[in-house]
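Here is the structure we will look at.
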Amino acid sequence: MGSDSFTDIPVVSLAGWRAPGADRAAFADDLRRICHEIGFLTLVDHGVEPEFIERYFEALEAFFALPEDVKATIDKAHSPHFRGWERVGSEYTDGKVDFREQLDVSTEHAARARDVEPAYLRLDGPNQWLGEDVLPGFRALVLEFMARMRGLADEIMEILATGLGLPPATFQDRFGE
């Protein structure tokens, strides 16, 4: 299938990788092909329960429904690691205002020295969080979501490495955390 011949977003079931006796080589090759020729897909049977995803998105809705002055206490401008909340209109794309608000969080790290090399490691650091009294359980839920997505991403990277004919741990060994 060429990149200009698809009419539907491919649906990929991780059961084809995880099931006992699965043809992992064929699955990995198919995923590699989809990523190369189409570039995106819908992943199903990944093991993250729909109830958990729903709870996560409800928590995000609750966060964004808070008053701006509350969210502003964790404004991204307060973080040297570019973590936190950004109000509508605070970012630009191609010289134009982006009309969205966002919350940027990432894997929690201790802050690095200002002179660490390579320089991008300076972005590693702690997230900013609202207090538990403001949004109970939010931090724990977001961190759990990120941990689950990381596990899933690590598995996808293993599959892609296999599809590329590389040892399964190639990307983990190369890039680590």
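The values are calculated or read from the model by the stated rules, or taken from the named source; none is laboratory data. Predicted model, so just to flag it, every value in this text is computed and none were measured. Here Cβ is always computed from backbone atoms with ideal geometry, including for glycine, and neighbour counts include all displayed protein chains. Ligands, DNA and RNA are stripped out before the accessible areas are found, and what is left, the full protein with its side chains, is counted by its heavy atoms. Shrake-Rupley method; radii C 1.70, N 1.55, O 1.52, S 1.80 Å.
Across segment 138-147, a minimum of one residue is classified as farther than 30 Å from ARG24 by Cβ, open to solvent by 60 Å² or more (accessible area, probe 1.4 Å) and modelled with pLDDT of 95 or more. Checking each residue in segment 111-134 for being of a type in the set (Gly, Ala, Ser), under 22 Å from ALA147 (Cα atoms) and not in a loop (DSSP other than H, G, I, E, B) picks out no residue at all. Here is the figure for segment 20-66: residues that are open to solvent by 70 Å² or more (accessible area, probe 1.4 Å) and in a loop (DSSP other than H, G, I, E, B) total 7. All conditions but one from (1) within 30 Å of LYS71 (Cα to Cα); (2) free of Cβ contacts under 8 Å to residues at least 60 places away in the same chain; (3) over 17 Å from the mean Cα position of the chain (by Cα) apply to ASP173; the one that does not is (1). Quick check, is ARG174 at pLDDT 95 or above and open to solvent by 50 Å² or more (accessible area, probe 1.4 Å)? Criteria not met by ARG174. Pairs are defined by a Cβ separation below 6 Å, a sequence spacing of at least 6 or placement on different chains, a first member in segment 34-54 that is more than 10 Å from ILE9 (Cβ to Cβ), and a second member that is of a type in the set (S, T, N, Q) and surrounded by 12 or more Cβ atoms within 10 Å (Cβ to Cβ); the pairs so defined are VAL44/SER13; ASP45/SER13.
Taking segment 67-86 as the range and being of a type in the set (Phe, Trp, Tyr) and either open to solvent by less than 30 Å² (accessible area, probe 1.4 Å) or under 18 Å from GLU132 (Cβ atoms) (or both) as the test, only TRP85 passes. Filtered by the rule that a residue be in contact with a Ser or Thr (Cβ under 9 Å, 6 or more places away or on another chain) and in a loop (DSSP other than H, G, I, E, B), segment 94-110 gives ASP98, GLU101.
Of all residues in segment 150-163, exactly one satisfies the criterion of being exposed (fewer than 14 other Cβ atoms within 10 Å of the Cβ) and aliphatic (A, V, I, L, M), namely ALA153.
When residues in segment 37-77 are screened for being in contact with a helix residue (DSSP H, G or I) (Cβ under 9 Å, 6 or more places away or on another chain) and modelled with pLDDT under 95, 1 of them pass. Quick one: is VAL142 closer than 18 Å to GLU58 by Cα and touching a residue at least 60 places away in the same chain (Cβ under 8 Å)? So VAL142 fits the description; yes.
Of all residues in segment 87-120, those satisfying the criterion of being under 22 Å from VAL142 (Cβ atoms), open to solvent by less than 60 Å² (accessible area, probe 1.4 Å) and of a type in the set (A, V, I, L, M, F, W, C) are LEU103, VAL105.
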